[in-house]
């Protein structure tokens with residue numbers, strides 16, 4: 001059902017590009033994901049350049065700060081809060097605070113070399129540079145446990161020990177949980193880029209996404225190879241997935 005605010009703000013031709021930031025924010029509150037995608041496109045470059053000033057030359061920290069600011073704004077808007085009109089200013093303040101938190105974390109925390117999975121302090125980028133709608137779809141496809149782990153680490157900035165205390169598990173287990181949640185998000189993000197109506201093709205694409213992220217590679221190798229020999233569309237989709245995967249952080253070996 002179209003809400004009053006959606007009917008008020010959405011142009012007759014269906015395009016959102018002519019709407020102001022204030023109008024787009026209201027549409028995001030009304031669960032219009034296209035509106036948030038447009039806000040992302042409008043502001044991500046400028047906010048990244050601004051955040052870089054506070055990240056001591058670390059590009060990945062700047063990208064992480066922007067991702068956190070954007071995702072925090074999305075969460076706020078979905079909760080009926082967030083900016084009203086000055087989106088650029090809102091994001092600059094959020095990105096600056098996120099950058100400051102990352103600088104403080106780098107100074108006080110040391111890597112834990114004995115943990116097989118990477119610790120929470122790794123500065124890989126989950127959402128920066130990604131199409132926001134696809135990334136959001138991937139996030140929503142995760143289990144509640146993984147979404148909770150990602151939210152605690154990326155949005156609430158909780159440490160491994162804090163998450164461990166919250167869940168009643170060891171800090172190393174909490175670190176491993178967050179790492180596995182990140183990998184699940186990357187796999188879901190990868191899989192969201194291709195689709196197939198045929199059930200067998202869809203099953204193979206799932207296996208291709210898993211194998212590209214290093215999961216069950218040997219188990220799926222023969223089935224994937226056999227299917228690709230006779231399915232040109234899936235061969236093309238695999239090449240597409242390989243290109244996308246090349247831009248994602250590499251999975252660390254256990």
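Distance from the Cα centroid of region 34-107 to that of region 190-230 is 35 Å (rounded to whole angstrom). When you count the other C-beta atoms within 10 angstrom of each residue and take the mean per peptide, 66-73, 159-166 line up highest first as 66-73, 159-166. Packing order of peptides 15-23, 170-178, highest average first: 170-178, 15-23 (average count of other Cβ atoms within 10 Å over each peptide's residues). Packing here is the average count of other Cβ atoms within 10 Å per residue, and on that basis the peptides 89-100, 197-208, 222-233, 43-54, highest first, run 89-100, 43-54, 197-208, 222-233. Short-range pairs are left out: with C-alpha atoms under 8 Å and at least six residues apart, the relative contact order of region 199-245 is 42 percent.
Every number here is computed from the coordinates shown, using simple stated rules; none is lab data. Since the model is a prediction, treat every value here as computed from it, not as a measurement. Note that each Cβ is placed from the backbone with ideal geometry, even for glycine, and that neighbours are counted across all protein chains shown.
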